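Colleague: One structure coming up, written as structure tokens, with questions to follow.
The values are calculated or read from the model by the stated rules, or taken from the named source; none is laboratory data. Computed from a predicted structure; not experimentally measured. Note that we place each Cβ from the backbone using ideal geometry, even for glycine, and neighbour counts take in every protein chain shown.
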Amino acid sequence: MAFVYKADPARGAEWAKHFALAMPEMPFHVWPDVGNPLDVRFLAAWQPPEDLMGLFPNLEVLFSIGAGIDQFDLGAIPEHVPVVRMIEPGIRGAMSEYVTMAVLALHRDLPTYLDQQRREIWQEIRVIPPSRRRVGILGLGELAQASLERLKAFGFPLSGWSRSRRSLDGVQCYAGHDELEAFLAVADILVCLLPLTNETTNFLNADLFSKLPSGASLVHVGRGPQLDHQALLDALDTGQLSGAFVDVTAPEPLPESHRFWSHPKIAITPHVASMTQPETAVSVVVENLRRCDAGERIVGIVDRQRGY
Ligand code: NDP
Ligand code: OXD
């Protein structure tokens, strides 16, 4: 029985160190060293290898290194192999930091001030109290809930939208397509933390932007294919949107000379809003292996029907 890690090798070395301490009895390999492929029961990967089951015919569980699993072709993974997404404190903490940073930067007009600085303009913008800046998150899952918890400290009216009905303390919760418009109407700063599925592809489009309050802004930390780039540029040109933080794009990296690079109202980061932290990720994975061994349900199994 063995465990294989297949992603960034430098972080793999850290995984190996923590794994050896937490579960010394389990042989741990960092790709491309896989040991005897027939021994491999568990794989943690960002991108699984081609012909996954041909290579590891005895695979029992596929762990995603990330919270998102849209990079996996679920159809190629047999039903008896559960796909487990990453739910760990490190990834939650980093996402809540990024979302807080971007929301505060937009709330306090940082993109405009950076542009004014470049043009040597000393001009104040009136400060709006947080009680009058409504923040709405698309998605109310692990990362959205962690972000909302942090945002509570600042006094923004908070809301969120999910597929099924959620009830969260201090957050106005909306659910399903029937309530999407009402949710958008009260989102002065809209944060996207939806997983990428057929339903959420191209979700951040001209129609959606038109339903936000005039002058709203966007924090996009979901997945690149959810955002219509031209629609964002148009909405910024007309003033329907006033600014955006964009962490994920399609394609990645953002191509040379793409208009987002130099747009004064767009802040780009290279898909770094959050990252799985080896130490905490290993303890979560090891706990799941123990559950597996004890015949208990693994935490974080992807629902193949929903696609997340
Ligand atoms: P979860 O699965 O915990 O939460 C997803 C949320 O989205 C749920 O509330 C779900 O609704 C909602 N949702 C999904 N589909 C729909 C839909 N069609 N309509 C309405 N709501 C929908 O995911 P996480 O919070 O852990 O992660 C979210 C995403 O963040 C990841 O999939 C990934 O794409 C992205 N991410 C980005 C990172 C970055 O660095 N930029 C890092 C990590 C993740 P319901 O509650 O009803 O199920
Ligand atoms: C993730 C990511 O899904 O880093 O974890 O994007």
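Colleague: Is there a residue being of a type outside the set (A, V, I, L, M, F, W, C), within 16 Å of ligand 1 (Cβ to nearest atom) and outside the structural domain of Leu193 (by TED's automatic domain parsing) anywhere in segment 53-60?
Modeller: Applying the first criterion (of a type outside the set (A, V, I, L, M, F, W, C)) to segment 53-60 yields 54, 57-58, 60.
Within this subset, residues satisfying the condition of being within 16 Å of ligand 1 (Cβ to nearest atom) are none.
No; the residues of segment 53-60 include none that is of a type outside the set (A, V, I, L, M, F, W, C), within 16 Å of ligand 1 (Cβ to nearest atom) and outside the structural domain of Leu193 (by TED's automatic domain parsing).
Colleague: A further question on this structure: List, please: which pairs have Cβ atoms under 7 Å, are six or more places apart or on different chains, and start with a residue in segment 118-142 that is exposed (fewer than 10 other Cβ atoms within 10 Å of the Cβ) and end with one that is outside any loop (DSSP other than H, G, I, E, B)?
Modeller: Here the result reads Gln123/Gln116, each pair linking segment 118-142 to a residue that is outside any loop (DSSP other than H, G, I, E, B).
Colleague: Filter segment 24-69 down to residues that are polar (S, T, N, Q) and within 16 Å of ligand 2 (Cβ to nearest atom) and give me whichever is surrounded by the most Cβ atoms within 10 Å (Cβ to Cβ).
Modeller: So the residue we want is Ser64.
Colleague: Among the residues of segment 189-197, is any farther than 26 Å from Ala273 by Cα and not in a loop (DSSP other than H, G, I, E, B)?
Modeller: No.
Colleague: Condition first: buried (at least 21 other Cβ atoms within 10 Å of the Cβ), over 20 Å from Pro111 (Cβ atoms) and more than 9 Å from ligand 1 (Cβ to nearest atom). Now tell me which residues in segment 209-234 satisfy that.
Modeller: Of everything in segment 209-234, nothing turns out to be buried (at least 21 other Cβ atoms within 10 Å of the Cβ), over 20 Å from Pro111 (Cβ atoms) and more than 9 Å from ligand 1 (Cβ to nearest atom).
Colleague: Would you check if there is a residue in segment 150-158 being touching a Gly at 6+ places or on another chain (Cβ under 7 Å) and surrounded by 15 or more Cβ atoms within 10 Å (Cβ to Cβ)?
Modeller: yes
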